[in-house]
Amino acid sequence: MRDNPVDTLTLVYLARLRDAFGASGEAVRPPADVATIASLRAWLAARGGVWATELAPERAVRFAVNHDIAQPETAVRPGDEVALFPPVTGG
Amino acid sequence: MPVRIQEADFDLTTELAALRAGDPRVGAVAAFIGTVRDVAGNAPLATMTLEHYPGMTERSLTAIVDIAKSRWDIVDALVIHRVGALRPADQIVLVGVTSAHRGDAFAACEFIMDYLKTRAPFWKKETTAEGSRWVEARASDDEAAARWQSEPPRGA
């Protein structure tokens, strides 16, 4: 549905998480069992270091899949754009 | 376009005139403007930088306006949110609502702001003489938004 290769997930890092990860995003190819937001979060946290720190279960991290707010059980599929960001502070 | 994200400032009179568009069904116009305060923690604020997530921002604001239109008897609504570097006293956000009667306009305007604060993907970064830091979300904003889930719409 996006114009990226169908076998990759496009990750977008915003605000404080972009600063922490040192990148505005990346294309990843997670294993087939990474099929939900919860499993994607755990897979990224397993990188260790700042990933483990920022994505620890007690940290407030919001996710969006293809521009819609996602829940831990929300499905992620190759071709999706998944954004990671801290709680919003606009207005 | 009832939802706009822009770096430029906005003019309340111009925007509300366009929103009303001389429509004689409109008997009430409610507007809210959020502005930049001059204090960040204990230090004077130099700049407030607003970042957003292009694409999702417009989508989420449009969805919030659609919810307001379904819950209250309003004629139209407008949201303008600025991004980029702002200074103390600058305007950040404008919400305008038109309706036949004031109850719907007041309530829908407050609802849109409360939902914007907790659902629209904007982030503030404060810069003072001591450096820059991302603003933390506040629990009171979540509570303000949650109250609309139990309150029946007024005037409906």
B:Val79 vs (1) touching a helix residue (DSSP H, G or I) at 6+ places or on another chain (Cβ under 8 Å); (2) in a helix (DSSP H, G or I): all pass except (2)
Pick from the range B:97-128, criterion touching a strand residue (DSSP E or B) at 6+ places or on another chain (Cβ under 8 Å), among the charged types (D, E, K, R) and over 20 Å from B:Glu15 (Cα atoms), ranking: surrounded by the most Cβ atoms within 10 Å (Cβ to Cβ) | B:Lys124
Could you look through the range B:122-156, keep only residues that are basic (Lys, Arg) and modelled with pLDDT under 90, and pick out the one that is nearest to A:Leu17 (Cα to Cα)?
-> B:Arg138
Please give the number of the condition A:Ala60 fails out of (1) within 14 Å of another protein chain (Cβ to nearest Cβ); (2) farther than 28 Å from B:Ala144 by Cβ.
-> (2)
For B:Val93, are the conditions met, namely being part of a strand (DSSP E or B) and either within 11 Å of chain A (Cβ to nearest Cβ) or closer than 20 Å to B:Glu15 by Cα (or both)?
-> yes
Pick from the range B:21-78 the residues that are β-branched (Val, Ile, Thr) and farther than 18 Å from B:Lys124 by Cα: which of them is farthest from the other protein chains (Cβ to nearest Cβ)?
-> B:Val26
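Does any residue of the range A:73-90 turn out to be in contact with a Pro (Cβ under 7 Å, 6 or more places away or on another chain) and part of a strand (DSSP E or B)? Break it down stepwise before answering.
Keep residues of the range A:73-90 that are in contact with a Pro (Cβ under 7 Å, 6 or more places away or on another chain), which gives A:85, A:88.
Restricting the remaining residues to those that are part of a strand (DSSP E or B) gives A:85.
Checked the range A:73-90: at least one residue is in contact with a Pro (Cβ under 7 Å, 6 or more places away or on another chain) and part of a strand (DSSP E or B).
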List every residue pair whose Cβ atoms sit under 6 Å apart, with the two residues 6 or more apart in sequence or on different chains, where the first one lies in the range A:8-25 and is within 13 Å of chain B (Cβ to nearest Cβ) and the second, anywhere, is in a helix (DSSP H, G or I) and not polar (S, T, N, Q).
-> A:Tyr13/A:Phe21; A:Ala20/A:Val50; A:Ala20/A:Glu54; A:Ser24/A:Arg18
Restricted to the range B:110-143 and to residues being within 27 Å of B:Thr98 (Cα to Cα) and outside any helix (DSSP H, G or I), the residue nearest to the other protein chains (Cβ to nearest Cβ) is B:Phe122
If we keep only residues of the range B:32-72 that are farther than 12 Å from B:Phe111 by Cα and part of a loop (DSSP other than H, G, I, E, B), then the residue nearest to the chain's Cα centre (by Cα) is B:Val36
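The values are calculated or read from the model by the stated rules, or taken from the named source; none is laboratory data. Because the structure is a prediction, the values reported are computed rather than measured. So basically every Cβ, Gly included, is an ideal-geometry build from the backbone, and we count neighbours across all protein chains shown.
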